[in-house]
Amino acid sequence: MKDTEIYLKNTYEESRETFRGHLDKIKENWPEAELFAESIAEGSDYTIDTIYADATEENEQVIFFSTGLHGIEGYAGAAMVHLFVEEYMDKVDPETTGICFVHAINPWGMKNLRRVNENNVDLNRNCFYKPLDVPRDINVNYSEERNVFLPNGQLKDVKKEKQELYEQLSKGALDEGYSGLKSAKGMGQFEFEKGVYFGGNGDEPSTEFVKKMQRKLLESFRRVIHMDWHTALGPTNEITMLNSEVDSRSGEELSEKYGLENISKFSPEDVKGDSTNHFNELKREEFPDRYLVSALFEFGTFGTDKMAELREFTTIILENQLYWEGAEKEDDRQWVLKEFENMFYPDDEEWRESVLKEGRLGIEKILGEEKVI
Ligand SMILES: [Zn+2]
């Protein structure tokens with residue numbers, strides 16, 4: 001069996017089973033390690049699974065991996081936990097170091113291959129330190145161009161609709177529609193429940209889970225090293241570290257410190273409701289004496305140029321429309337789903353190999369520099 005087949009699973013159930021199976025191995029180093037499965041919707045089999053262990057002597061630091069906040073992106077994340085258990089775990093000193101691994105913050109999205117959760121919420125636009133941080137009508141341009149961003153009927157001819165979207169978006173590259181979409185991508189929109197980049201109406205259950213976990217880790221450990229695994233953003237087949245502006249270190253400083261080529265900073269002014277942002281704010285406001293590294297790690301798919309951006313927006317819009325309104329033709333339905341997979345979990349051997357290779361690089365650079373492995 002190829003490495004990519006061992007690590008990169010194809011169904012939520014298979015991925016969760018593999019994750020739960022790590023517990024025995026982890027117990028060899030952390031005998032008190034435990035697995036918790038928290039149900040996200042009552043009566044459903046969607047669970048957020050956590051493997052947690054305190055340090056065996058003293059809680060100096062913790063390695064925290066979170067995965068699947070964006071559903072479908074969780075398969076690559078689960079592979080990182082698996083890699084860690086196979087290749088890096090024995091390099092960690094369990095006497096001083098605890099572990100916390102979370103499988104599928106958005107289990108419904110992971111199972112159903114969507115990026116958003118069961119309420120169409122982008123969970124990284126839902127996690128606010130101060131609850132009323134954002135006015136509901138934050139995104140005026142989005143609202144004005146909502147005929148483009150909201151589902152407006154069954155897909156009838158995807159080729160044609162795709163072409164129209166490309167034209168609308170590219171000719172409008174400088175006008176309100178495009179900038180509305182661009183800013184919605186960053187700061188979400190809070191008016192249209194069926195629209196893309198919806199940030200929700202208050203904390204989703206997954207967000208409550210995330211906030212509780214972040215607080216617990218800051219309370220329990222002096223140093224917290226958090227890698228939140230994602231896909232799609234950044235250069236194709238490469239890893240990108242995406243860091244909150246709340247972390248005062250500049251991109252150059254981070255680049256020098258960790259020796260990673262692709263490091264981006266995002267600003268809380270442009271990006272709203274991101275969970276690592278929340279983590280950094282929580283630390284700054286309530287745990288100033290703690291040391292925290294919390295960043296997103298992305299495996300790039302489409303790339304970073306203008307065409308890639310258009311393809312990305314078009315894919316997100318068409319998938320959302322398909323979800324709400326369906327497609328007249330089965331071929332069109334398949335095409336949209338495939339394109340969505342190409343964006344977030346490509347069935348492409350080269351990409352899958354790059355996830356493992358670049359994932360190892362990210363783990364070694366971050367955990368190595370932070371002296372936990
Ligand atoms: Zn993501």
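Some observations on this one:
- In order along segment 38-43, the Karplus-derived 3J(HN,Hα) couplings, from 6.51 cos²θ - 1.76 cosθ + 1.60 at θ = phi - 60°, round to 10, 6, 8, 10, 4, x Hz, and Gly and Pro are given as x.
- The simple Förster model, with R0 at 56 Å and r as the Cβ-Cβ distance, assigns residue 284 and residue 305 a FRET efficiency of 0.95.
- Radius of gyration, Dmax [segment 1-155; alpha carbons; angstrom]: 18.8, 60
- Integer Hz, Karplus 6.51/-1.76/1.60 couplings in order for segment 336-342, x for Gly and Pro: 5, 5, 5, 5, 5, 4, 4
- Per residue, the convex hull spanned by the Cα atoms of the chain measures out at 132 cubic angstrom.
- Rough spin-label spacing in nm, given labels placed 7 Å along Cα→Cβ, for residue 291 and residue 160: 6.2
- The charge dipole of the chain, taken about its Cα centre with unit charges on the Cβ atoms of Lys, Arg (+1), Asp and Glu (-1) only, comes to about 460 debye.
- By DSSP, the beta bridges lying fully in segment 237-349 are antiparallel in about 55 percent of cases.
- J(HN,Hα) series, segment 21-26, from Karplus relation 6.51 cos²θ - 1.76 cosθ + 1.60, nearest Hz, glycine and proline x: x, 5, 4, 4, 5, 5
- Label sites at residue 11 and residue 42, each approximated as a point 7 angstrom past Cα along Cα to Cβ, lie 2.8 nm apart.
- Its relative contact order, with pairs defined as Cα atoms under 8 Å and 6+ residues apart, puts segment 17-80 at 23 percent.
- Once the C-beta distance of residue 87 and residue 152 is scaled by a Förster radius of 45 Å, the resulting FRET efficiency is 0.40 to the nearest 0.05.
- For residue 292, the residues whose amide H sits under 5 Å from its own are 224, ignoring neighbours fewer than 5 places away on the same chain, with H placed 1.01 Å from N.
- Under 5 Å between amide hydrogens, built in the peptide plane, is the criterion, and for residue 115 it picks out 72 among residues at least 5 positions away or on other chains.
- Helix 349-369 and the long axis of the chain differ in direction by around 40°, with both axes built from C-alpha atoms.
- Computed helical MRE - 222 nm, the chain, DSSP H runs ≥ 4 contributing -39500 (n - 2.57), nearest 500: -13500 deg cm²/dmol
- Amide H contacts for residue 265 (H built 1.01 Å from N in the peptide plane; partners 5 or more residues away or on another chain; cut-off under 5 Å): 243.
- Taken along the Cα-to-beta-carbon direction at a fixed 7 Å, the label points for residue 330 and residue 360 span 4.2 nm.
- 28 Å Cα-Cα reach of residue 265 towards lysines, excluding residues that sit fewer than 8 places from it in its own chain: 130, 182, 185, 211, 212, 216, 257, 283, 306, 357, 365, 371
- In this structure, residue 222 and residue 349 have a Cβ-Cβ separation that, at R0 = 45 Å, corresponds to a calculated FRET efficiency of about 0.60.
- Of the residues 335, 188, 224, the one whose Cα sits farthest toward the positive end of the charge dipole of the chain, with +1 on the Cβ of Lys and Arg and -1 on the Cβ of Asp and Glu, is 188.
Throughout, read-outs are computed from the coordinates displayed, never taken from laboratory work. This one's a predicted model, so the numbers in the text were calculated from it and none came from an experiment. Reconstructed Cβ throughout: ideal geometry from the backbone, glycine too, with neighbour counts over all protein chains shown.
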